[in-house]
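Colleague: After the structure tokens below, expect a handful of questions from me.
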Amino acid sequence: MKGLTGKTALITGASSGIGQSIAIRLAKEGCNVVINYRSDSEGAETTRQRAMEKACQDVENCGVKSLLIQGDVSKEEDAVSLVQQTIEHFGQLDILINNAGVQTESPSDAIEVDDFDWVLGVNLRGAYLCARETIKHLLAQNRPGSIINISSVHEIIPRPQYLSYSISKGGMGNMTKTLALEYAAKGIRVNGIAPGATITPINEAWTEDPEKQAEVESHIPMGRAGTSDEMAAAVAFFASDEAAYITGQTLYIDGGLTLYADFQEPWSA
Ligand code: NAI
């Protein structure tokens with residue numbers, strides 16, 4: 001895709017799932033990739049190896065570089081250090097992918113406050129802190145840049161028993177728009193993708209049980225869950241110059257989940 005070669009991309013939570021696929025895809029497109037992980041150093045190393053292999057499928061991109069950085073995005077000092085280390089190493093940061101995310105399940109009348117704070121802390125505060133540090137750097141170097149937030153269909157679909165997750169993704173949608181508007185004139189684009197049910201470790205409760213997976217997929221108009229590579233493709237597009245005039249948008253990638261599937265058939269004759 002146009003305009004990705006030689007860019008530096010930081011992907012949070014890139015040791016598994018969608019983040020891993022994004023790092024691999026951006027490396028294939030010629031970006032240097034910074035692979036952030038919280039605790040799974042082995043997963044991060046796998047991401048690095050697969051990213052470098054993919055990049056090298058195209059001789060021109062064989063010089064692509066990678067950097068692994070441990071850090072918890074919900075901690076201010078870690079978010080600051082993530083961006084600082086990226087710039088020290090590569091001299092620039094052009095693309096931030098706010099992908100790190102967690103969820104907990106509980107009836108809303110019984111959520112432990114620590115769990116509530118944890119989910120908001122990683123999904124929303126962490127995304128903001130990484131965006132803040134990236135924007136500071138872009139403004140200081142007077143560079144254009146692109147921030148892509150990995151949201152969820154629960155940015156707009158309420159999800160009982162997952163209140164903190166729904167709130168975090170709803171907030172992320174507003175953050176995408178607010179930052180997009182605030183920095184549009186500086187050449188900083190901010191967009192989001194909102195995946196539907198996607199086969200990744202966060203969903204192992206149903207991806208590892210064929211019956212449960214079939215039940216989940218029965219609710220999806222296209223009849224199947226998505227893949228992390230399908231999410232990464234849209235992220236690469238948003239990060240590229242093909243999307244140069246797009247900002248403040250969230251793209252729903254969900255097999256039709258947000259189309260009110262109950263209306264697929266007429267309710268009455
Ligand atoms: P995942 O569990 O494989 O990925 C989440 C990643 O975030 C993990 O690598 C985890 O280690 C990392 N992480 C968690 N806390 C962190 C922290 N404090 N600092 C740094 N990294 C941290 O699951 P998946 O599905 O790849 O999730 C990626 C994003 O996609 C999340 O934001 C999730 O909410 C979103 N998403 C996923 C959907 C799905 O069906 N898989 C659907 C909609 C959104």
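Colleague: Where the eigenvalues come from the Cα gyration tensor of the range 54-208, what are the semi-axes √(5λ) of the equivalent ellipsoid, largest first, in whole Å?
Modeller: So the equivalent ellipsoid measures 29, 19, 16 Å along its semi-axes.
Colleague: Next question. Considering all projection directions equally, how large on average is the shadow of the alpha-carbon convex hull of the range 1-90, in square nanometres?
Modeller: Quarter of the Cα hull surface area: 5.4 nm².
Colleague: In nm, to one decimal, how far is the residue 245 label point from the residue 112 one, both placed 7 Å along Cα→Cβ?
Modeller: In this crude label model, residue 245 to residue 112 measures out at 5.1 nm.
Colleague: Turning to a different aspect of this structure: Quick one: Cα centre-to-centre distance for the range 40-64 and the range 198-264, in angstrom?
Modeller: Centre-to-centre (Cα) distance: 24 Å.
Colleague: When only Cα pairs under 8 Å and 6 or more residues apart are kept, what is the percent relative contact order across the range 50-180?
Modeller: Over the range 50-180, the number comes to 27 percent.
Colleague: Can you tell me which of 100-110, 116-126, 75-85 comes out highest on packing, and rank the rest after it, using the mean Cβ neighbours within 10 Å?
Modeller: Peptide ranking by packing, descending: 116-126, 75-85, 100-110.
Colleague: Give me the percent relative contact order of the chain, please, defined on Cα pairs under 8 angstrom at least 6 residues apart.
Modeller: 20
Colleague: Please report, in Å, the Rg and the Dmax of the chain, where both are computed over Cα atoms only.
Modeller: 18.3, 66
Just so you know, all these numbers are worked out from the coordinates, no wet-lab data involved. A quick note: this is a predicted structure, and the numbers were derived from the prediction, not measured. Ideal geometry is used to build each Cβ from the backbone, glycine not excepted, and the neighbour counts take in all protein chains shown.
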